[in-house]
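Down below is the structure, laid out as structure tokens.
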Amino acid sequence: MGATSVESPPPITDAGSGPRLAPALALMVGTVVVFGLIAVARSHQVDVPFRDPHGKMFARKLLGAVWIFVVLSIADVAIRWWRAGRGAAAMRAVVRTRWAPSRLALVGAGLLAYHLVYICYRNLKSWLVFRPIHDDRMLQLDRDLFFGHSPATVLHHLLGTDHAAHPLSFFYAIFTYVCTAALVGCLAFLDDIRKAYVMVIAGMWTWILGTASYYLIPTMGPVFSVPQEFAMLPHTAVTDMVAGNIADRAQMLADPQAPGSFVGVAAFASLHVGFTTTVVLMMAYLRKRLLTWLAGLYLVPVVIATVYFGWHFLPDLAGGALLAAMSVLIAHVCVYRSLRRPA
């Protein structure tokens, strides 16, 4: 038989997790419904319908997540089969537990709920364009914190405006893939589906709390407020993202009813920092030491890039980290109905 250590468990059935997840499932569905109703109310208020440009915010993201789950799930079964003895009986046992219809249904429900929250978040973020912004106050706060200097300009002097820009742009641009990998990886590989649901619900609440913070302090970010401070940076993928966001904002303000009008700019809090911190905290919560370190190492260039490219003000970073901690706590309580940490 295969190893039976904590790091290399034999095939594990999470039979019974479904019934024990029923309260969390109900809370998750209720969260989706309430957040959806808030988004619908805001849609009526601004008189702009829900949009999913080219399917990128919901349809394609959900389909992509499903395909990634299929690939990772096959890898999960193969690894467990190999550890369990590599026989026909072992394969049947692994498939019966890991691909049980009840478990796959819970995976599907989690993915659907997460992506429904995400499309509501993206539309609410888009409609933020109609609220007055407060970048002037945030710019002044940044300078007060840095003794009269711009934090971005300080980073430009420290790191330079050439060689550092390209790797920082890369780390910033792969954020979406890191989010998806963390979410789907938990659903595919974790022994207990309940722990995977903590990740799913924490991800949902990161977007929900992030949306609330956007409306609490509507801002755009330094690169949009004082673009001259970033004019010397070389052309990177981030340059195209900034230009695209400026054009999208102008189109939405000029013609909100145009089918392609959709905005992706908001600063407080930083959800690049927020969701990455959620991943770091979740890996620590799951006691995955190596993954915690890797996620933490990824968080460092993300934090630097958000300031270096002017996407966010300094308070946005702290705000993102705070809402990440809140999201993981909320998710844990939703799943386990207790503040105690599971064994």
Where does each of Ile119, Ile246 land when they are ranked from fewest to most other beta-carbon atoms within 10 angstrom? Ile246, Ile119
Could you tell me how many degrees, from 0 to 90 and to the nearest 10, lie between the Cα long axis of helix 88-98 and the main elongation axis, the longest principal axis, of the Cα atoms of the chain? 50 degrees
The computed P(r) of the chain puts the percent of Cα pairs beyond 31 Å at 37 percent
Under 19 Å from a point 7 Å along the Cα-to-Cβ line of Ile79: which residues of the range 266-298 have their amide N that close? 279-296
Whole-Hz ³J(HN,Hα) for each residue in the range 252-264, computed from phi via Karplus 6.51 cos²θ - 1.76 cosθ + 1.60 with θ = phi - 60°, x for glycine and proline: what do you get? 4, 5, 6, 8, x, 7, 5, x, x, 6, 7, 10, x
Where Rh is the Kirkwood radius over Cα pairs, Rg/Rh for the range 191-236: 1.29
On Cα atoms only, tilt of 289-308 relative to the major axis of the chain in degrees: 10 degrees
Could you give the length gained by full extension between Ser338 and Ser102, i.e. 0.36 nm per residue of separation minus their alpha carbon distance, to one decimal place? 82.5 nm
Lys195: which aspartates and glutamates have alpha carbons under 13 Å from its alpha carbon, excluding same-chain residues fewer than 8 sequence positions away? Asp14
Distance in nm between pseudo-label sites at Val33 and Ala318 (7 Å out along the Cβ direction from Cα): 3.9 nm
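For the chain, what does -39500 (n - 2.57) per DSSP helix run (n ≥ 4), summed and divided by total residues, give at 222 nm, in deg cm²/dmol to the nearest 500?
-23500 deg cm²/dmol
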Cβ under 11 Å from Tyr215's Cβ, Tyr215 left aside: what net charge do those residues give with Lys, Arg +1 and Asp, Glu -1? +3
Cα-Cα separations in the range 231-343 greater than 19 Å, expressed as whole percent: 59 percent
Mind checking the full-extension length gain between Ala254 and Gln45? Use 0.36 nm per residue of separation minus the Cα-Cα distance, one decimal, nm. 73.5 nm
When we measure straight from the Cα of Lys56, which lysines land under 17 angstrom away, once same-chain ones fewer than 8 places off are left out? Lys125
Excluding residues on the same chain fewer than 8 positions from Lys61, give the aspartates and glutamates whose Cα lies under 19 Å from its Cα. Asp52
Between Ala325 and Met232, how many nm apart are label points set 7 Å from Cα along the C-beta direction? 3.6 nm
Cα-Cα pairs above 17 Å in the range 98-151: how many percent? 65 percent
Label point 7 Å out from Arg143 along Cα-to-Cβ: which residues of the range 209-232 have amide N under 20 Å? 219-232
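Every number here is computed from the coordinates shown, using simple stated rules; none is lab data. Treat the numbers as computed from the prediction; the structure is a model and nothing was measured. Positions of Cβ are generated from backbone atoms using ideal geometry, with glycine treated the same way; all protein chains shown enter the neighbour counts.
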